[in-house]
């Protein structure tokens, strides 16, 4: 049951905000099921179905079998023999995403998209004078269902970190509210794996240090965290206490521009890798030019047959001048990596340290589309 009021109407005067995080449910897969009724209720994966394909998104029916995004398609098919694969239709996903963002902007101009399927909204002063962030979130979810045929989950709280955690709490098609004063208790109960920015390896390291929950993390002082987690320490210290001072930024700067390609067959020779890199450079530089982006750092990503990933980066004291320099830096990074210890199944190239960029947050999304 959704409360009639957030009981936070006067909190903004004390420095607290009313933040909503909206996250579409299995977005790509749900669009495919919406547009092809025969897929409804069936396990669906969006991505390449070939031997070297990767799952970009999985429906909840597929997730019940253990299928997850970024999983090799071969493994996904083994887990779920009835899995239906569909190639990504990013043009359609973008159109639907624009519909959803238009709904957001009916309630607030303060919308910070993280990717095609999620965004933060600051509704402290909403355009319709509704006053309750919880009611606004429910209205938005109802409109998304009515206008797109899709479902969304939402989290409501007084900062971005908690709102994002809350949106994942009652998925799919759910809503969760964390009121002022409830943040620490909510975080205390969570496994640290739920903290954004803590991946499987990070969670394993924490487990070795006796840190399993938010309460365990909060019990460690800042000196301990800096010793074991370096630059991540300050973020972890604040997160364990439900603290996040970031504002919702409608003009949030892009963190990077890039792309990656999963190959049908592993590549091992220098000539084949250079040819593949040339194709990626063409596609990525086109994106860079269309965005009018300028950046100083070029990063090469190589994923090997055993799924280990290695990256190499080169930063200039000024922006990369043109495509020729971008290509030269990419090829120089590849040459440094040769000869390879193993064949490569995926390669990616990214331009970052963009002009106007700020220090990245742990939960930032770099909205890169795989070149499948």
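The values are calculated or read from the model by the stated rules, or taken from the named source; none is laboratory data. Remember, it's a predicted structure, so these values are computed and weren't measured experimentally. FYI the Cβ positions are ideal-geometry reconstructions off the backbone, even for glycines, and counts take in every protein chain you see.
Just a few scattered comments:
- Residue count for the stretch 190-213 satisfying the condition of being within 25 Å of residue 16 (Cα to Cα) and not in a loop (DSSP other than H, G, I, E, B): 2.
- Of the criteria (1) within 30 Å of residue 92 (Cβ to Cβ); (2) touching a residue at least 60 places away in the same chain (Cβ under 8 Å), which one residue 158 fails: (1)
- Residue, surrounded by the most Cβ atoms within 10 Å (Cβ to Cβ), within the stretch 352-372, restricted to residues that are more than 22 Å from residue 70 (Cβ to Cβ) and modelled with pLDDT of 50 or more: 354
- Selection within the stretch 58-99 - part of a helix (DSSP H, G or I), more than 24 Å from residue 261 (Cβ to Cβ) and without any contact (Cβ under 8 Å) to a residue 24 or more places away in the chain: 61, 79, 95, 98
- Test: residue in the stretch 260-268 that is modelled with pLDDT of 90 or more and within 18 Å of the chain's Cα centre (by Cα): no
- So residue 240, is it farther than 29 Å from residue 122 by Cβ and without any contact (Cβ under 8 Å) to a residue 60 or more places away in the chain: no
- Any hit, the stretch 59-74, residues being over 22 Å from the mean Cα position of the chain (by Cα) and either loosely packed, with under 15 Cβ neighbours inside 10 Å or under 13 Å from residue 39 (Cβ atoms) (or both): yes
- Criterion: at pLDDT 85 or above and either over 24 Å from the mean Cα position of the chain (by Cα) or surrounded by 14 or more Cβ atoms within 10 Å (Cβ to Cβ) (or both) - qualifying residue of 51, 112: 112
- Taken together, the residues in the stretch 116-137 that are out of contact with any strand residue (DSSP E or B) (no Cβ under 6 Å at 6 or more places or on another chain), touching a residue at least 60 places away in the same chain (Cβ under 8 Å) and farther than 17 Å from residue 247 by Cα amount to 5.
- Matching residues, the stretch 245-278, being free of Cβ contacts under 8 Å to residues at least 40 places away in the same chain, in a helix (DSSP H, G or I) and loosely packed, with under 15 Cβ neighbours inside 10 Å: 271, 275
- Against the test of being surrounded by fewer than 16 Cβ atoms within 10 Å (Cβ to Cβ) and out of contact with any helix residue (DSSP H, G or I) (no Cβ under 7 Å at 6 or more places or on another chain), the options 201, 226 yield a single qualifying residue, 201.
- Residues located in the stretch 316-326, provided they are exposed (fewer than 14 other Cβ atoms within 10 Å of the Cβ) and either touching a residue at least 12 places away in the same chain (Cβ under 8 Å) or in contact with a strand residue (DSSP E or B) (Cβ under 8 Å, 6 or more places away or on another chain) (or both): 317, 318
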